[in-house]
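Notes follow once the structure below has been shown.
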């Protein structure tokens, strides 16, 4: 069961990264071209956020099932960079990224000016995207 969740989490990561990047690019283009923020633009932002929340749910389940997750949190694991990445850094930084994306989307819904809405999405999604990229276990992902 753990292997299935690991494969799902890895597969979804590609889709999530593409969704967030797409939402970011649409919002950046909208802000730079002084477009009016439409319902379609809101749904593009929602797409990235929903995909990220699904990935978070799968990741939380995996964190409690996998021997690399919660059960790996010990004094010894903090000395090993890979154990620390899986048990602490990856989950915490990605939860922070999810929170930032959610804040960016929520702010955009409340703002009234189109350019501000686009800016809220591209700024928060961009920071979240960079945070996610910084904590991907690249050695496991690229093998």
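Express in nm, to one decimal, how much length is gained between residue 76 and residue 115 on full extension, taking 0.36 nm for each residue of separation and deducting their alpha carbon distance.
9.1 nm
For the chain, find the longest principal axis of its Cα atoms and tell me its angle to the long axis of helix 39-65, 0 to 90°, nearest 10.
Result, in degrees: 10.
Just report the Cα centroid separation between the range 63-113 and the range 24-51, whole Å.
25 Å
Can you tell me which of 79, 104, 45 moves the most in a GNM of the chain? Springs connect C-alpha atoms under 10 Å apart.
Comparing 79, 104, 45 in a Gaussian network model of the chain, the most mobile one is 79.
Answer with a single label: of (i) 0.99; (ii) 1.25; (iii) 1.15, which was calculated as Cα Rg over 2.2 N^0.38 Å from the structure in view?
Computed from the coordinates, Cα Rg over 2.2 N^0.38 Å corresponds to (iii).
Taking neighbour Cβ counts within 10 Å as the exposure measure, how do 132, 54 sort from fewest upward?
So the ranking, lowest neighbour count to highest, is 54, 132.
With a 10 Å radius around each residue's Cβ, average the other Cβ atoms per peptide and rank 90-100, 119-129, highest first.
Highest to lowest by the protection proxy: 119-129, 90-100.
Mind checking which of 32, 88, 62 has the largest fluctuation in a GNM of the chain, springs on alpha carbons under 10 Å?
In this elastic network of the chain, the residue with the biggest mean-square fluctuation among 32, 88, 62 is 32.
Relative to the longest principal Cα axis of the chain, at what angle does helix 2-32 sit, 0 to 90 degrees, rounded to 10?
20 degrees
Using just the helices of the chain, give the 222 nm mean residue ellipticity in deg cm²/dmol: DSSP H runs with n ≥ 4 each add -39,500 (n - 2.57), and the total is spread over all residues, rounded to 500. Please list the in-between numbers first.
Numbers: 6 runs with 108 residues, N = 143.
Using -39500 (n - 2.57) per qualifying helix, the result is -25500 deg cm²/dmol.
Would you mind checking the tilt of helix 114-134 against the longest principal axis of the Cα atoms of the chain, expressed as 0 to 90 degrees and rounded to 10?
Tilt of helix 114-134: around 20 degrees.
Laboratory data are not the source of any read-out in this text; all were calculated from the coordinates shown. Note that this is a predicted model, so its numbers are computed, not measured. With ideal geometry, Cβ positions are generated from the backbone for all residues, glycine too; neighbour counts draw on all protein chains shown.
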